[in-house]
1. Kindly provide the helix-only [θ] at 222 nm of the chain, computed as the sum of -39,500 (n - 2.57) over DSSP H runs of four or more divided by all residues, to the nearest 500 deg cm²/dmol?
2. So between residue 36 and residue 71, what do we pick up on full extension, going 0.36 nm a residue minus the alpha carbon distance?
3. Given a 1.4 Å probe, how much area per residue of the range 84-131 is accessible, in Å²?
4. When the accessible area of the chain is split by element with a 1.4 Å probe, what percent falls to carbon and sulfur?
5. Can you classify the range 1-72 as rounded, prolate or oblate using the Cα gyration tensor, where a ≥ b ≥ c are the square roots of its eigenvalues, rounded means a/c under 1.5, and otherwise it's prolate if a/b beats b/c and oblate if not?
6. Counting other C-beta atoms within 10 Å, and keeping those with at most 16, which DSSP coil chymotrypsin sites (Phe, Trp or Tyr not before Pro) do you find in the range 97-143?
7. Take every Cα-Cα pair in the chain and report what % of them are more than 23 Å apart.
8. How far is helix 5-139 tilted off the main Cα axis of the chain, in degrees rounded to 10, range 0 to 90?
Amino acid sequence: MATSNDDILRALGRVEGRLSGIEESVSLLREDVSDEKDNAHESRSVIHRRLDEQMRQINLLDKVVEISSGVDVTLREEIKALKETVIINHAAVQPTIEEWKKLKTLGSGISGAIALSGLTVGTIIAVYGKAAFISFLSWFKVN
């Protein structure tokens, strides 16, 4: 059986058609792979941007914690110094406070004595007022 040129040409046409289909499939696969590559690259760059942002935020938090720790230590030292100053000042002022307490007690005693003497004079005047008034008038010889 001999094959004719037409049979050969038809066979070549079929092979050529299949090759064209394969080329189209390979071209589509290349486009898909290229798209996937681009998507993967974009996705990785987004991930890297997020990681960079997270690193920046972590660094900022580390700085804030470091500053806060420094401020905390400074405040503790200042509070300690203030406590020591208050204790020293309290010890220095304590004798003066005791003197004021004594003066206050003495002042209350004097006020009580003045009030008692006023009441006594008032009572004497009330009881002997008329006789005292008459004695006063007669002493100055007033009619």
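1. The helix-only estimate for the chain comes to -36500 deg cm²/dmol at 222 nm.
2. On the way: separation 35, 0.36 × 35 = 12.60 nm, distance 5.18 nm.
Net length gain for the segment: 7.4 nm.
3. On the way: 4130 Å² over 48 residues.
Here the residues of the range 84-131 average 86 Å² of exposed surface.
4. 65 percent
5. In terms of gyration-tensor shape, prolate.
6. Answer by residue number: 140.
7. I get 80 percent for the Cα pairs in the chain exceeding 23 Å.
8. 0 degrees
The values are calculated or read from the model by the stated rules, or taken from the named source; none is laboratory data. Everything numeric here is computed off the predicted structure, so don't read it as measured data. Because the Cβ atoms are built from the backbone with ideal geometry, glycine has one as well, and the counts that use them run over all protein chains shown. SASA here: full protein model, heavy atoms, side chains in, ligands and nucleic acids out. Shrake-Rupley method; radii C 1.70, N 1.55, O 1.52, S 1.80 Å.
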